[in-house]
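Enquirer: I'd like to ask some things about the structure below.
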Amino acid sequence: MSLQTIPDASQPAALIEHLLNHYHAVHRVQLPELQRLARKVESVHADHGDAPHGLAERLAQLATELISHMEKEEQVLFPLMQSGGHPMIKHPIAMMRHEHADHDSALAELDRLSHGMVPPEGACGTWRSLYQGLTKFRDDLKEHIRLENELLFPAFEQASSGAGGCGSGHCGCGG
């Protein structure tokens, strides 16, 4: 993990901007490259017992799921948060938390397919690059999920659970 400054939950707009720049944009670059490397390793080393058979396909599935997830955040959830919240915000947050759990399961599957993301002795540069990139992606996605689950979402879940509105006083809902 890098020593980047992470905005706290009292600055949701800054935290959202951080998530968009450091995670959403990065995942969109990481996933196609990881798929390309995985396809190459699976093809070139198809007869190797430690080849990550099925990894490229699982990465493609995860990419589809994660892109859809990030688009929902970017188009629905984050704008609601940036406008101060909404009394019903807990529902899209609950959906995002559920999808985060699915992403955790997908990461466990990537770990299994890649034999712990440890290349075999004598692995080629592409194989090593694949596992280095996969490790970085895993670590980035785990931190991305942690920031949303532990910092961003709780601030809005607590506000939406109050009687009469979101509690922000900024969205016009009466809270």
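The values are calculated or read from the model by the stated rules, or taken from the named source; none is laboratory data. Every value quoted in this text rests on a predicted model; they were computed, and no experiment measured them. As a convention, Cβ positions derive from the backbone with ideal geometry for all residues, glycine included, and neighbour counts pool all protein chains shown. When the accessible area is computed, the model is the full protein with side chains, heavy atoms only, and any ligands, DNA or RNA have been set aside. Shrake-Rupley method; radii C 1.70, N 1.55, O 1.52, S 1.80 Å.
Enquirer: Kindly establish whether residue 100 is of a type outside the set (S, T, N, Q), out of contact with any Leu (no Cβ under 6 Å at 6 or more places or on another chain) and farther than 17 Å from residue 17 by Cα.
Expert: Values: of a type outside the set (S, T, N, Q): yes; out of contact with any Leu (no Cβ under 6 Å at 6 or more places or on another chain): yes; farther than 17 Å from residue 17 by Cα: yes.
The answer is yes for residue 100.
Enquirer: Which of the residues that make up segment 125-145 are under 13 Å from residue 45 (Cβ atoms) and open to solvent by 50 Å² or more (accessible area, probe 1.4 Å)? Show your work before the answer.
Expert: To start, the set of residues in segment 125-145 that are under 13 Å from residue 45 (Cβ atoms) comprises 125-128, 130-131.
128 - this is the single residue of segment 125-145 that is under 13 Å from residue 45 (Cβ atoms) and open to solvent by 50 Å² or more (accessible area, probe 1.4 Å).
Enquirer: Further, regarding this structure: Checking residue 37 against (1) surrounded by fewer than 14 Cβ atoms within 10 Å (Cβ to Cβ); (2) more than 17 Å from residue 147 (Cα to Cα); (3) hydrophobic (A, V, I, L, M, F, W, C), which single condition isn't satisfied?
Expert: (1)
Enquirer: Is it true that residue 100 is at positive phi and of a type outside the set (D, E, K, R)? Spell out the reasoning first.
Expert: Working: at positive phi: no; of a type outside the set (D, E, K, R): yes.
So residue 100 fails the test.
Enquirer: Of all helices (runs of 4 or more DSSP H) completely enclosed by segment 1-104, which ones contain at least 3 residues that are in contact (Cβ under 8 Å) with a residue 60 or more places away in the chain and closer than 29 Å to residue 128 by Cα? Before you say what the answer is, go through the steps one by one.
Expert: On the way: elements: 12-19, 25-44, 55-72, 78-82.
Passing ranges, in order: 25-44.
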